[in-house]
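First comes the structure, then the notes that go with it.
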Amino acid sequence: MTELILYNVFNGLIIGAFYALMALGLSLILNLSGVINFAHGGFLAIGGYLAYMLIPYVGFWGALLLSPVLTALIGIVLERSLISRLYGRDPLYSLLFTFGLAFVLEDGTRYFWGPQTLPFSVPAWMSTPLSTAFFFITGYRVFMVTLVTVTVIALFLVLTRTRLGVRIRAATTDLEMVSSLGVNVVVLRNLNFGLGIFLAGLAGVLAAGMLGLQPTIGTELIMPSFVAIIIGGLGSLPGTLLGGLLIGLAAGITTVFFPSASEVVIYVMMGLVLSLRPRGLLGEEGRF
Amino acid sequence: MLRLDKRAGDALVWALLLTMPYWIGAVGGYTQLGSRVMILALTATALNFLLGFTGVLSFGHAAYFGLGAYGAGLTIKYLVPSTLAGMAVGVLAGAVAAAVIGLVIARRRGIYFAMVTIAFGQVFYFIAFRWNDVTGGDDGLSGWERLPIDFGVATWDILHNDLAFYYWVLLCFAIAIGIMAALLRSPFGRTLLAIRENESRARFLGIPVDRHIWISWVISCTFASLGGTLYGLLNNFADPHDLRWDQSGDFVIMAVLGGMRNFWGPLVGAAIFVVLQDYVSSQTQNWMSFIGLFFMIVVLFFRRGLLGMIGQHRAPQPRET
């Protein structure tokens, strides 16, 4: 029993790390551009499939780096050419647009790579369990947790220590002021969108290594990511991170006791947070 | 475009709807498709009560639509074999769920409101999806069918006669549309418009904005679940995907496509959307891409909706943010 609980707690944390990675990208875009990017899951799938195609040429490590970069480039092009036209209009329109884009991306991956689950090979040493007693701790899972941790730390360093990051955060608070101080906000939003999509692409490669590749791989992760953002508090990136880990953990623990409720539990948590603390755990008061 | 008097326009719409079963065959449709259009139009109009006339963006109406379908199906299957009882339970289930959830979300606005409604909508999807014993899980709720409506003196055989069912749907549609139109013309409806146009000004006038939005939300969701009960009856089946977020998106696009600022907009949008979906999904496996592209094109080029573009009323542009 202890082992079962441990297993599910560990599993929950890994899933939570995914949610957090995905939700952080969504949050970046939402905070700066006011766009709920429904297509985020589609970009995640693209990241996974690109890695699948790249592995024979550049190996796992090359694909791990290259695929998110390429995904981010696709995101940047789409943002620049189409999504940016919808900024400043009612959020309804960008929401519907990315909703349609999500359909196209999911169906597009199905068209090009087929509906079946594709195997995704990770380096052999990663797939063996590290200990016999705790069979579920494979090298890959440890690697994933490490990589997500490093990525999140790097993201927060970028946002606090680099000029780009400081500008992004400043523009999130007051876009017009930053614009009138001479920052090109069109480029800033564009790069910020790319950064968000980069995180989705990275999550896609990691998810493919754990679950295999399917066209719907991203669609199933997007709703929990919304919940993570709402629980953590809209506008707060640390909140989003916390929210992601919390709901992953909650889903993991629920799986032990009442498996069929593991999906519903996160929405119950969201309802509780919204009624007890409407701005979310770490959200600023009055921002939304 | 013909410059139609508003009253003449309404008369034309009703005349077309009343005679639909007799001309829909001539344009390549069939009576059941007509019923489908009317049901989805009812739901899209209900959504538009909130979206177009209160200015609140809900992206989770499928939940209440689906609750209606499941409410009706479960009642007929397990409790009372009666169409009317099933519909009553379905509508009540949607209304109660909306009232409770509305308490939590009525204070949220704009993009936050949209996200919260999307997320809450998923609760019902997962319940329907996971609670196999009762709801049939992924396979949906089958093994029941709508029943003829018995009025004592006469029986309305909506089960075996598609035409009778169409007119039953049209009757429900007319009642719901009538109530919503009357509400919008009332002082309450004018207040909703005021909130849409300028929320802070409405607040300064002493209007309890959150309460109005809550009421509008409950009305909108209640009629959406009425649409859902009819949809369940139409298919003799309740599908967990009726509850999912992609279904919510369909309702929003219907409203936007037809024109959110026009009362008949969602009806036009629903007709185009249903016919297009019916056609595309019979032609290609990749209908998802087509529907997705369709969404993107509508948003980029038809933002004011068809009726907004051709109507003689210069509808105000959606609020800039």
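For the reader, a short list of remarks on this structure follows.
- Those residues of the stretch A:71-115 which are surrounded by fewer than 17 Cβ atoms within 10 Å (Cβ to Cβ) and either free of Cβ contacts under 8 Å to residues at least 24 places away in the same chain or under 27 Å from B:Tyr112 (Cα atoms) (or both), in sequence order: A:Val77, A:Arg80, A:Ser81, A:Leu82, A:Arg85, A:Gly88, A:Tyr111, A:Gly114
- The sole residue among B:Thr75, B:Thr83, B:Thr19 that is over 21 Å from B:Leu307 (Cα atoms) and in contact with a strand residue (DSSP E or B) (Cβ under 9 Å, 6 or more places away or on another chain) is B:Thr83.
- Test: residue in the stretch B:155-167 that is part of a strand (DSSP E or B), in contact (Cβ under 8 Å) with a residue 60 or more places away in the chain and surrounded by fewer than 19 Cβ atoms within 10 Å (Cβ to Cβ): no
- Summed over the stretch A:246-270, residues that are within 8 Å of another protein chain (Cβ to nearest Cβ) and either among the hydroxyl-bearing types (Ser, Thr, Tyr) or surrounded by fewer than 18 Cβ atoms within 10 Å (Cβ to Cβ) (or both) total 4.
- Any hit, the stretch A:90-102, residues being touching a strand residue (DSSP E or B) at 6+ places or on another chain (Cβ under 9 Å) and either modelled with pLDDT under 90 or within 14 Å of another protein chain (Cβ to nearest Cβ) (or both): no
- Failed item, numbered, when B:Ala63 is tested on (1) hydrophobic (A, V, I, L, M, F, W, C); (2) buried (at least 22 other Cβ atoms within 10 Å of the Cβ); (3) without any contact (Cβ under 8 Å) to a residue 24 or more places away in the chain: (3)
- Only residues that are more than 16 Å from A:His40 (Cβ to Cβ) and not in a helix (DSSP H, G or I) were counted in the stretch A:189-223, giving 3.
- Counting only helices (runs of 4 or more DSSP H) wholly contained in the stretch B:1-75, the ones carrying 3 or more residues that are among the hydroxyl-bearing types (Ser, Thr, Tyr) occupy B:31-51.
- Residues that are small (Gly, Ala, Ser) and facing another protein chain (nearest Cβ under 9 Å) were ranked within the stretch B:262-301; the one that is farthest from B:Gly249 (Cα to Cα) is B:Ser289.
- Sole exception among (1) part of a helix (DSSP H, G or I); (2) among the basic types (Lys, Arg); (3) within 14 Å of chain B (Cβ to nearest Cβ) for A:Arg80, by number: (3)
- Filter result for B:Ser225 (of a type in the set (Gly, Ala, Ser), surrounded by fewer than 24 Cβ atoms within 10 Å (Cβ to Cβ) and not in a loop (DSSP other than H, G, I, E, B)): no
- The number of residues in the stretch B:240-266 being of a type in the set (S, T, N, Q) and in a helix (DSSP H, G or I) comes to 2.
- Here the condition is being more than 10 Å from chain B (Cβ to nearest Cβ) and under 16 Å from the mean Cα position of the chain (by Cα); of A:Glu284, A:Glu220, it holds for A:Glu220 alone.
The values are calculated or read from the model by the stated rules, or taken from the named source; none is laboratory data. These figures come from a predicted structure and were not determined experimentally. Virtual Cβ from ideal backbone geometry, glycine too; neighbours counted across all protein chains shown.
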